[in-house]
Amino acid sequence: MYTFSSKLKTFSFLLMAIGVLGIGYGFWSAPKDIQEVETLLAAESHGSHGEVKHETSKPVEEHVVSNGHEEAQSTKEGNAIVSPTDSTSEVINEVHENSLHTEVAVKKGEHEISEEVKHAEHAEHLNHVLHQLQNKPWAAFYVACIFFMLVSLGVLAFYAIQQVAQAGWSPVLFRVMLGITSYLPVGSVVFFIVLLLCGLHLNHLFIWLDPEVVATDKLIANKAGYLNFPFWIIRAAIFLTGWNLYHYFSRKYCLAQDDASDDLFYKKNFKLSAVFLVFFIVTESIMSWDWIMSIDPHWFSTLFGWYVFSSFFVSGITTIALVTLYLKSRGFLEHVNTSHIHDLAKFMFGFSIFWTYLWFSQYMLIWYANIPEEVTYYITRIELYNIPFFGAVVMNFVFPLLILVNTDFKRITWVLVMAGAVILVGHYIDFFNMIMPGTVGDRWFIGVSEIASVLFFLGLFIYVVFTALTKVPLLPKRNPFIEESKHFHY
C-alpha cells in the first residue's frame, strides 16, 4: 500500500495556502469603480491627455484669431470703399451682430452635442475596461479550474478506452489512473459553483448572460434558445453528473473484481466503459461549446470540440506518466517497467502531433476562407497574445517532436519529466489563449492571479490524487489481463 509522504502533503498544503492568498489579493486589487479605472488609465498614458488637450485647443484659438483678423480687415476695406450714413451703419451693425450671435449659438450647440457624445463614449470605454479588469481574477481562476478538472477527465477517458480495447499492457497502471480521476468529483463541484456564480452576474466571463447585451446584439439574441442560463446550467449538471457516475461505478467494479471468483465485475466494467465513451464523445463536444467557445459568442468552429479534447487528453496521459514515474522513484509499482513508460511516452508524442494537426487545420481553414466573423478570433490572439499564442505551439509541438521522436528518450526518466512539465505548461497556456481574450481583452498578463490560481489547484490536485492512492492497493489482483501486463516487454 502506498503511504502519502508527509513532505508531499505539506507541499500540497503550502501550494493551496499560497494560492488562496494570491487569489484573494487578485480580487482585492481589482478596480471597484470607474474612478479607479480612470486613474489607472491616466497613469498608463503618462500625461498624454494633457498633450492632446493642448493640441486640440490650439487650432480653435488660431481659428478665432484669424476670424477676428478677417472681420477687421473686411471692415477696414469697407470703410475705404464706402462711407455709409449713420442710420445705414446702425442697420448693418445690427444685422452683423445678429448673424454673429446666431453663428455662435449654433457652434455652441454643436460643441455641446460633441462633448456629450465624447463623454458618453469615454464612459462606455471606462465601463468596458472596468469589466475586463474585474474579470481578470475570475478568468485566471476559471482557466486553472477547468484545466485541472479536464486533465482528470482526460485520464478517465483514457482509462475507459483501455477497458473497452481490452488492452493487455496497461492494467498495472489502472490504479494510478483511478487515483488521478479521483480529482474529478472535487474539481466538478468547484467548477459547477463557478458556473453558478457566473449566472448570478458576479462576473462578466460570459457576455451572453447579460440581458442588456442580448437585447442589443441580434447575433447573440438569435442563439438565446440555446445560450440561456437555465438550459446552460442544466446541461452542465448532466455532463458533470454523467462523468462522475461512470467514475464511481467503474472504480467500484474495478475494486470488487479483486475479491471476486469470476469475471462478472470486469464484464460490467467493460459494458459500462463502452456506454460512457459514447456519452463522453457527445458531451465533450457540447461542453467545449458551452464552457469555452461561448465566451466568444460571435465566433464558432466545427473543429473546436476535437481541438479541446486533444489538448486535455494529451495532458491527462502526461499526468499519468509523471505520477507513475514519481511512484516508481518511491519504490512502488514494481511491475511497471520501461516498456510501460515507453508506451505512455508514445501516446504523449502521438497526441501532441494530433493536437498540432487540429491547431493547424482550424487556423488554416479560417485564414484561407478569410471571413470577417471568423478571422477576428485569430487576429485578436495574434496581435494581442502573440507570445503565448505561438509559444503554445512551440511547447506543445516543436519541443515534444524534437525530444520524444527519439525512441531511447522515451525510456529515460529525466527526459520524460522535463518533456511532461513543458507539455502541461504548454496546454495550460493553450487554455489561457482560448479563454482570456474573450474575457479580459488586451488587459492580460501572467500575474499574481494567474500564478496563484495554478498553485491552488495544483496543491488541491496533488492532495486529492495521492490521498486516493493510499486507499487501495496499487496493483489490481484479478484483472484478466494482469499477468500479461506484468510481463509486458518489447
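The values are calculated or read from the model by the stated rules, or taken from the named source; none is laboratory data. Because the structure is a prediction, the values reported are computed rather than measured. Here Cβ is always computed from backbone atoms with ideal geometry, including for glycine, and neighbour counts include all displayed protein chains. Areas reflect the complete protein model, heavy atoms only, side chains present, ligands, DNA and RNA absent. Shrake-Rupley method; radii C 1.70, N 1.55, O 1.52, S 1.80 Å.
Give the residues of region 177-189 that are open to solvent by 40 Å² or more (accessible area, probe 1.4 Å) and in contact (Cβ under 8 Å) with a residue 40 or more places away in the chain, sorted by residue number.
Of everything in region 177-189, those that are open to solvent by 40 Å² or more (accessible area, probe 1.4 Å) and in contact (Cβ under 8 Å) with a residue 40 or more places away in the chain turn out to be P185, V186.
Hey, can you tell me all the residues within region 399-410 that are surrounded by fewer than 16 Cβ atoms within 10 Å (Cβ to Cβ), in a helix (DSSP H, G or I) and not acidic (D, E)?
L401, L402
Residues in region 190-233 that are open to solvent by 60 Å² or more (accessible area, probe 1.4 Å), within 30 Å of I462 (Cα to Cα) and modelled with pLDDT of 95 or more: how many?
Residues meeting the conditions: 2.
I'd like to verify a number: residues in region 302-311 that are outside any helix (DSSP H, G or I) and surrounded by 20 or more Cβ atoms within 10 Å (Cβ to Cβ), how many?
The number of residues fulfilling the criteria is 0.
Evaluate region 279-293: report whether one residue or more is open to solvent by less than 10 Å² (accessible area, probe 1.4 Å), farther than 27 Å from A468 by Cα, in a helix (DSSP H, G or I) and without any contact (Cβ under 8 Å) to a residue 60 or more places away in the chain.
yes
Can you tell me how many residues within region 197-218 are assigned to a helix (DSSP H, G or I) and in contact (Cβ under 8 Å) with a residue 12 or more places away in the chain?
Within region 197-218, residues that are assigned to a helix (DSSP H, G or I) and in contact (Cβ under 8 Å) with a residue 12 or more places away in the chain number 4.
Residue by residue, here is whether (1) farther than 19 Å from I146 by Cα; (2) under 21 Å from the mean Cα position of the chain (by Cα) holds:
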{"site": "L205", "(1), (2)": "no, yes"}
{"site": "L219", "(1), (2)": "yes, no"}
{"site": "N222", "(1), (2)": "yes, no"}
{"site": "N228", "(1), (2)": "yes, yes"}
{"site": "A236", "(1), (2)": "no, yes"}
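Residue pairs, Cβ under 6 Å, 6 or more apart or interchain, first in region 159-176 and in contact (Cβ under 8 Å) with a residue 24 or more places away in the chain, second part of a helix (DSSP H, G or I) and of a type in the set (D, E, K, R). List them.
Within 6 Å, the pairs are G168/E484; W169/D343.
Residue by residue, here is whether (1) of a type in the set (K, R); (2) more than 29 Å from L469 (Cβ to Cβ); (3) in contact (Cβ under 8 Å) with a residue 24 or more places away in the chain; (4) open to solvent by 60 Å² or more (accessible area, probe 1.4 Å) holds:
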| site | (1), (2), (3), (4) |
| --- | --- |
| L333 | no, no, yes, no |
| G350 | no, no, no, no |
| Q362 | no, yes, yes, no |
| Y378 | no, yes, no, no |
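Test A224 against the stated conditions and say whether it is farther than 30 Å from Y248 by Cβ, part of a helix (DSSP H, G or I) and of a type in the set (A, V, I, L, M, F, W, C).
Against the criterion (farther than 30 Å from Y248 by Cβ, part of a helix (DSSP H, G or I) and of a type in the set (A, V, I, L, M, F, W, C)), A224 does not qualify.
Yes or no: region 143-160 includes at least one residue that is open to solvent by 20 Å² or more (accessible area, probe 1.4 Å), over 22 Å from M293 (Cβ atoms) and part of a helix (DSSP H, G or I).
No, every residue in region 143-160 fails to be open to solvent by 20 Å² or more (accessible area, probe 1.4 Å), over 22 Å from M293 (Cβ atoms) and part of a helix (DSSP H, G or I).
Could you say whether any residue in region 416-423 is assigned to a helix (DSSP H, G or I) and within 30 Å of A256 (Cα to Cα)?
No, there is no match, as no residue in region 416-423 is assigned to a helix (DSSP H, G or I) and within 30 Å of A256 (Cα to Cα).
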